[in-house]
Amino acid sequence: MDVPHPLPEDLAELIARRFRVLSDPLRVRMLDLLRDGELSVSTIAEQLGAGQQNVSKHLNVLADAGMVHRRKDGNHVYYGIGDEGVFALCEQVCGSLQAQLSTLAALIGGQIA
């Protein structure tokens, strides 16, 4: 998809909103947990060592952004990935960070030697 340049103001706002949703480390960790399939709120809270109410709040933010979906089964609510494209973005950022860390490690190593 070709993105217009310069970015229209409304498109820039949508992009910024998506980055804001991903700006919380707990939300990024939740998305990573959901890579392998749906999980309940209580399972996510337990695996992340976070409070269930806090996890629910963050899952609602992710759901409102369309990044996760909800499925109710009896008294439990299960969450799963709603937009696989979020992983491409996270992996792009992760790859960039790894390159920066490698460069930094090489610089620091060169100064010590």
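Restricting the stretch 94-113 to residues that are open to solvent by less than 80 Å² (accessible area, probe 1.4 Å) and modelled with pLDDT under 75, the residue that is nearest to Met67 (Cα to Cα) is Cys94. Restricting attention to the stretch 43-63, and to residues there that are free of Cβ contacts under 8 Å to residues at least 12 places away in the same chain and of a type outside the set (Val, Ile, Thr), which single residue is surrounded by the fewest Cβ atoms within 10 Å (Cβ to Cβ)? So the residue we want is Gly49. A Cβ distance below 9 Å, combined with a sequence gap of six or more or placement on separate chains, defines the contacts here; from the stretch 17-29, residues that are exposed (fewer than 11 other Cβ atoms within 10 Å of the Cβ) reach no residue that is not hydrophobic (A, V, I, L, M, F, W, C).
Considering only residues in the stretch 53-81 that are modelled with pLDDT of 95 or more and of a type in the set (S, T, N, Q), the one that is nearest to the chain's Cα centre (by Cα) turns out to be Asn60.
Applying the criterion of being in contact with a strand residue (DSSP E or B) (Cβ under 6 Å, 6 or more places away or on another chain) and among the basic types (Lys, Arg) to the residues of the stretch 29-72, the residue that is nearest to Cys90 (Cα to Cα) is Arg70.
The values are calculated or read from the model by the stated rules, or taken from the named source; none is laboratory data. Remember, predicted model here, so these are calculated numbers, not experimental data. Using ideal geometry, Cβ is built from the backbone for each residue, glycine included, and neighbour counts are taken over all protein chains shown. The accessibility values were calculated without ligands, DNA or RNA, using every heavy atom of the protein model including side chains. Shrake-Rupley method; radii C 1.70, N 1.55, O 1.52, S 1.80 Å.
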